[in-house]
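The values are calculated or read from the model by the stated rules, or taken from the named source; none is laboratory data. Every value quoted in this text rests on a predicted model; they were computed, and no experiment measured them. Positions of Cβ are generated from backbone atoms using ideal geometry, with glycine treated the same way; all protein chains shown enter the neighbour counts.
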Amino acid sequence: MGTGVDIKIDQSIIKPIMEKQIAAAIIQNLGKEAELIEKMVGIVLSQKVDSEGKPPRYPSDGKYDYLEFMVKKGIQDAAQEAFREWLKESTDKIKQAVVAELKKPARQRTMANAFVDAIEKSLKCSWNMTCNVSFVQDRD
């Protein structure tokens, strides 16, 4: 039978050595942080998404890069905001144009006809009554 040697090393000696090695590994890899971030950003921005900016359920739905989607959405949002501002500034002019259009004889005839048609349809009765009579012989 062989004789085994049992060496016990105190944890208080091992712990500081391990902490120094871990710290050295972290410091060594910090220089790679910029490269890692650059790669991650590239991956995220080139991820394929659907028309709503979500990862597609099916590969054929992934028609856009996420960056393309975000640029398109940003332009659409800016256009909507610009339109709302223009609409707010032009509300009085639009109201005047609508009133002028409604005062035109041709438009008044169209509105009158639509009004008469609506009244006519509401007055028509669309109820039908069905009555079935059946004779059943008593069995008593």
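Structure notes:
- Residue in the range 27-49 that is surrounded by 10 or more Cβ atoms within 10 Å (Cβ to Cβ), in a strand (DSSP E or B) and free of Cβ contacts under 8 Å to residues at least 40 places away in the same chain present: yes
- Taking residues in the range 90-117 that are among the acidic types (Asp, Glu), and partners anywhere that are assigned to a helix (DSSP H, G or I), the pairs with Cβ atoms closer than 8 Å and at least 6 places apart or on different chains are Glu101/Arg107.
- Residues in the range 50-93 that are polar (S, T, N, Q) and outside any helix (DSSP H, G or I): 1 in all.
- Members of the range 77-94 that are at pLDDT 95 or above and among the polar types (S, T, N, Q): Gln80
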